[in-house]
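S.K.: Have a look at this one before I ask anything.
Computed from the coordinates by the stated procedures, all read-outs in this text should not be read as laboratory data. The structure presented is a predicted model; accordingly, all values stated were derived computationally and were not measured. Cβ sites come from the backbone with ideal geometry, for glycine too, and all protein chains shown count toward neighbours.
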Amino acid sequence: MTGPGRGIRRAAARLLWLPFAAVLPCGCNFAPHYELPKTAVAGSFKEAVPGSAADEGWKLAEPRDAAIAANWWEVFNDPDLNALEARVAISNQTVVAAEANYRAAQALVREAQASLFPTFSIDPSVTRSRSSAAVAKLSGGAGATTTTGTGSTGTTGATGTATTGTGTTGTTTTGTASTTSGAGTHNLFTLPVEASYQVDLWGSIRNNVAENRYSAEASAAQLATALLSTQTTLAQDYFQLRVADEQRRILDTTVADYEASLKIVQTLFDNGLDSDADIASAESQLESTRAQATDVGIARAQYEHAIAVLIGVPPSQLSIPYKRLAQTLPTIPVGVPADLLERRADIAASERSVAETNAAIGVARAAYFPTLTLGAEAGYESTAIGQLLNFPNRFWSVGPSLAQTLFDGGARRAATQQARALNDQAVANYRQTVLGAVQSVEDNLASLRILSQELIEQHRATEAARRSVRLTLVLFKSGVDSYVNVITAQNAFLTSREAELQVQLKQLAASVNLIDNLGGGWAESDLSKTAAFAEHSPARGGAAVVPAPDAGPAVANPPSLPAGETEPDDFMLPDAQSPDPPPQ
């Protein structure tokens, strides 16, 4: 159709779209107004007791203090630890999995956003079909009747009957009629283009997009949590390994002490001044301590293997050499409990989950209302493919559709109740996460404060036990005291040295945990950095690499201690006769 007909169709199409264009900018949103859940946090930490805090490995943060750095492990000033920690973000498989989880969540966001736009599709088809005679009769296809004769030609009537007769006589001869059925086989070629758009009148699509976006932000925070957790686990294992090396050094030194004691007893026995029972006691003590030193190698090997897995390499490729423990505690700035809400990635993830479930309520409530879909179709169709794209073979249709569920047996109400319940659960989980975060900081502040005092006391006990060994040895050599008292004093000295070492390990563990509890240098404003890290992760496409200091030839555990590390204590030397003066 051309001319006025086409103009009428265009005007009608414009009028059809006007009411829907008017409602597009004023769609409703049935999600509740989101507010950050309120939490009960104190103004300060109870265990942050002023005083000698700097000696305890922490201090009250002041405005001029720098926040904990992202490379927080550098505060321990250990180059070997720094090299290992640098590999976690690159090749740890737990972190890689968390990165992939975030990228999957981001893809879901883009998938949901696609619903905000129309969809276009093309659906060409070829159909060959045959209708039955009964269907053909229903459609009026009875065929034409024709009458033939001789003479002049008459006219054709409305019934489709043609009559011919002779020109001279005027007579009419009626011929035979034949009827053809409308049933037959035919082809149909179609080339349609279809468009569909769901109008988001009630905010269902927008809330679905928001729900997925909040979920992706929670995944980004979970990635930061996984990275920090892996880094702190590596630091804990590293210090455990160093303490295991130090414990073996102490035991090997003690073995050297006991060997010197055995020589003293053997010399006295050879001179008839001691009994064979004291020799047996000295040998038993010596071999038992050797067994303890050997047993430490198991823990040392396990920590080294764990570190290898944390940096993403097989344990056979990592050999960490021995290094004497000389670690001091860093001073960690501690703020107020409210700071945790912005610096803990797990709290941020929990809060994003609350926002996600809040948007899900809007999706569930929108299901009570009808769905408006605008559809259009245009294309070509023909019974001959050669004529498919001819202009007269075009077709089109356009129009809206409105779908409304009238009865669903309470399914929508149940879905809304479920969404509200999940939101309540997310709020409770968020508040519990905040409380747990505050608790963990309080725990480690108390640990550092109490352990600092315990270390002083334990060191005094160790020095007293050392002096006791000196005294009992002098008395034993003088024949005043029995060797049983020497063994007792030596065992007490070894126990005190190991206890002091364990207090140092507890301090290091509490220091690492406190950094972890304070967020490890992360802040809520770093969500975008975490997202960029996941999108362009250095772990993808790269092979795991062992840090240079630990990349030498594989050495079975435990490694040999350097010469001079296991010499006997000075009071076990032959010329050591007088005890040290008591500590003042």
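S.K.: Starting at the first residue of region 507-521, write each ³J(HN,Hα) from the Karplus equation 6.51 cos²θ - 1.76 cosθ + 1.60 with θ = phi - 60°, in whole Hz, x for Gly and Pro.
M.R.: In residue order, the calculated couplings are 5, 4, 5, 5, 5, 5, 5, 5, 4, 4, 5, 8, x, x, x Hz.
S.K.: For a label point 7 angstrom out from the Cα of Q425 toward its Cβ, which stretches of region 190-231 have the backbone nitrogen within less than 17 Å?
M.R.: Hits in region 190-231 for Q425 at 17 Å: 215.
S.K.: So what's the gap between the Cα centers of region 299-318 and region 344-421, to the nearest angstrom?
M.R.: So the separation of the two Cα centres works out to 52 Å.
S.K.: If you don't mind, there's one more thing I want to ask. Would you mind pulling out the separation of the Cα centroids of region 232-269 and region 75-139, in Å?
M.R.: Taking the Cα centre of region 75-139 as reference, the centre of region 232-269 is 57 Å away.
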